[in-house]
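**Q** Structure below; questions to follow.
The values are calculated or read from the model by the stated rules, or taken from the named source; none is laboratory data. Worth saying up front: this structure is predicted, and the values here are computed from it rather than measured. Every residue, glycine as well, gets a Cβ built from its backbone with ideal geometry; the counts of neighbours run over all protein chains shown.
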Amino acid sequence: MTVENYLSEVEKESRRVDELVEGISKLSKAQLNWRPLENAWSVGECFEHLIRVNEYYIDHFKKAAEDPEKRLKVRKEFKTTLGGRFVLYSINPKQKFKTKTNKEFNPIHSGVDLNIIKKFLEQHEVIKTLAGKCRGVDLNLIKVASPFTKLLRYNIGDAFMIIMLHNQRHILQAKKVMENPAFPGT
């Protein structure tokens, strides 16, 4: 697959994130912080987790977009790495198994405010802009260590898709919280 086609796939998944967020932005503070169980994340905590993880990647995306040395010279094909395939499989929203997050990314009991969805959407726009600026960048050259274990590395192209699928996974998790019969009304 060409880099151009791959980034088009990332854009498609990004639009899916935008679609999933619709309808969540009008929640009250009580609704954003309500948990179905004491150790389960609230809607707001799902978004707080995404903001924390996404922030890790944004610096890498900026470097990729602004580094003239990484502009395409020869390789125009994008190749997913083994580490990238592993992470993409494990965080795919269709996968039902749960994974634990690192303490620094765990938002449990963080008490989010009303602006959490707005902050997420602003951050998502930054990521989409950076993905657009990476057109013409050899996404295979730049490597990123996973924020969860430095032993797992993948290329920056994998990271763009990982972040989109990870966002979708946790937005769907937030929507499940809202579907709970005990979820507070407005």
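**Q** Check 48, 69 and return the single one that is part of a helix (DSSP H, G or I), acidic (Asp, Glu) and surrounded by 18 or more Cβ atoms within 10 Å (Cβ to Cβ).
**A** Exactly one residue qualifies, and that residue is 48.
**Q** Against the condition closer than 21 Å to residue 12 by Cα and among the polar types (S, T, N, Q), how does residue 106 come out, does it pass?
**A** no
**Q** Every residue in the range 1-30 that is touching an Asp or Glu at 6+ places or on another chain (Cβ under 8 Å) and either assigned to a loop (DSSP other than H, G, I, E, B) or surrounded by 15 or more Cβ atoms within 10 Å (Cβ to Cβ) (or both), please.
**A** 1, 3
**Q** Of all residues in the range 95-120 being part of a helix (DSSP H, G or I) and exposed (fewer than 15 other Cβ atoms within 10 Å of the Cβ), which is modelled with the lowest pLDDT?
**A** Among those that are part of a helix (DSSP H, G or I) and exposed (fewer than 15 other Cβ atoms within 10 Å of the Cβ), it is 104.
**Q** Name the residue, out of 101, 129, that is under 30 Å from residue 23 (Cβ atoms) and without any contact (Cβ under 8 Å) to a residue 24 or more places away in the chain.
**A** Every option except 129 fails the conditions.
**Q** Do you know which residues across the range 133-154 are free of Cβ contacts under 8 Å to residues at least 60 places away in the same chain, touching a helix residue (DSSP H, G or I) at 6+ places or on another chain (Cβ under 8 Å) and surrounded by fewer than 15 Cβ atoms within 10 Å (Cβ to Cβ)?
**A** Result: 143, single match.
**Q** While we're looking at this one, here's another question. Confirm whether residue 64 is part of a helix (DSSP H, G or I), in contact (Cβ under 8 Å) with a residue 40 or more places away in the chain and under 18 Å from residue 143 (Cβ atoms).
**A** yes
**Q** Same structure again: Go through 83, 157 for me and flag whichever is under 17 Å from residue 61 (Cβ atoms), surrounded by 13 or more Cβ atoms within 10 Å (Cβ to Cβ) and of a type in the set (Gly, Ala, Ser).
**A** Sole residue among the options that is under 17 Å from residue 61 (Cβ atoms), surrounded by 13 or more Cβ atoms within 10 Å (Cβ to Cβ) and of a type in the set (Gly, Ala, Ser): 157.
**Q** Next question. Take the range 31-45 and flag every residue that is in a loop (DSSP other than H, G, I, E, B) and of a type outside the set (Asp, Glu).
**A** Scanning the range 31-45 gives 34, 35, 36, 37, 39, 40, 41, 42.
**Q** Only one of (1) within 15 Å of the chain's Cα centre (by Cα); (2) within 17 Å of residue 172 (Cα to Cα) fails for residue 25. Which number is that?
**A** Failed condition: (1).
**Q** Quick one: which of 69, 55 is under 19 Å from the mean Cα position of the chain (by Cα) and charged (D, E, K, R)?
**A** Answer to the check: 55.
**Q** Here is a follow-up. Please pick out the residue among 164, 178 that is part of a helix (DSSP H, G or I) and over 18 Å from the mean Cα position of the chain (by Cα).
**A** Residue meeting the stated conditions: 178.
**Q** If the Cβ limit is 8 Å and pairs must be 6+ apart or interchain, which residue in the range 158-174 that is among the basic types (Lys, Arg) pairs with which residue that is at pLDDT below 95 and assigned to a helix (DSSP H, G or I)?
**A** 169/91
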